[in-house]
Amino acid sequence: MRDHKVLSVRTVVAIGIGTAILFILKRFAVIPTGIANTNIDISYGFLGFIATLFGPVAGFFIGFLGHALNDFTQYGQPWWTWVFTTGLVGMVIGLFWKRFNIEAGNFGMKKIVAFNVLQVITNGVGWSLIAPTLDIIIYSEPANKVYVQGIVSAISNSIATGVIGTILLVAYAATRTRSGSLKKES
């Protein structure tokens, strides 16, 4: 009988390091949009990259923990609906990690387009629907305020993930040996 581990050492290490990097990016690499508590946040590009590399469990925990740590240190308490949504975005993108198979060294145009369609849909649903709706249900926030924040976040996070995430994935794939590229000499 095979022993199935829920979390490998590699995944646990990825969660620890990824959480630290995401926290630093969320804390120090954001550009205010002019909409309250809404930033252009390049950490979502890193989250898309790391979730594609390590899968849904790592994607969820890196997003969730990194966002929660940022909120704790910056605001004194996390805004749980958005913390959860960040984890959810990382998890959904991570669900497709085997399909993208970055370790094989191939991240061409077809995979770039697929990654970006996936992340735009995930960011769109997460930020313009899930997070604001949970804000209304849990925190009794005004709908017009949170849906504007959500739509701005969906757009800015999609752009950040599209640019930063794609660059990181293409660069990482270029460092991997392509599958089938090594041949035995006779």
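The values are calculated or read from the model by the stated rules, or taken from the named source; none is laboratory data. Bear in mind that the values here come from a model prediction, so they are computed numbers and not experimental data. Reconstructed Cβ throughout: ideal geometry from the backbone, glycine too, with neighbour counts over all protein chains shown.
Some observations on this one:
- Among the residues listed as Ala131, Ala154, Ala104, Ala114, the single one being at pLDDT 95 or above and surrounded by fewer than 17 Cβ atoms within 10 Å (Cβ to Cβ): Ala114
- Remark: Phe28 falls outside the filter, which requires a residue to be without any contact (Cβ under 8 Å) to a residue 40 or more places away in the chain and under 16 Å from Ala131 (Cβ atoms).
- Residue selection: Leu47 fails the criterion of being surrounded by fewer than 23 Cβ atoms within 10 Å (Cβ to Cβ) and either without any contact (Cβ under 8 Å) to a residue 60 or more places away in the chain or outside any loop (DSSP other than H, G, I, E, B) (or both).
- Residue check, Gly66 modelled with pLDDT of 95 or more, of a type outside the set (A, V, I, L, M), under 14 Å from the mean Cα position of the chain (by Cα) and crowded, with 24+ Cβ neighbours inside 10 Å: yes
- Single residue of segment 22-44 satisfying the filter (in a helix (DSSP H, G or I), in contact with a helix residue (DSSP H, G or I) (Cβ under 6 Å, 6 or more places away or on another chain) and among the hydrophobic types (A, V, I, L, M, F, W, C)) that is farthest from Thr11 (Cα to Cα): Leu25
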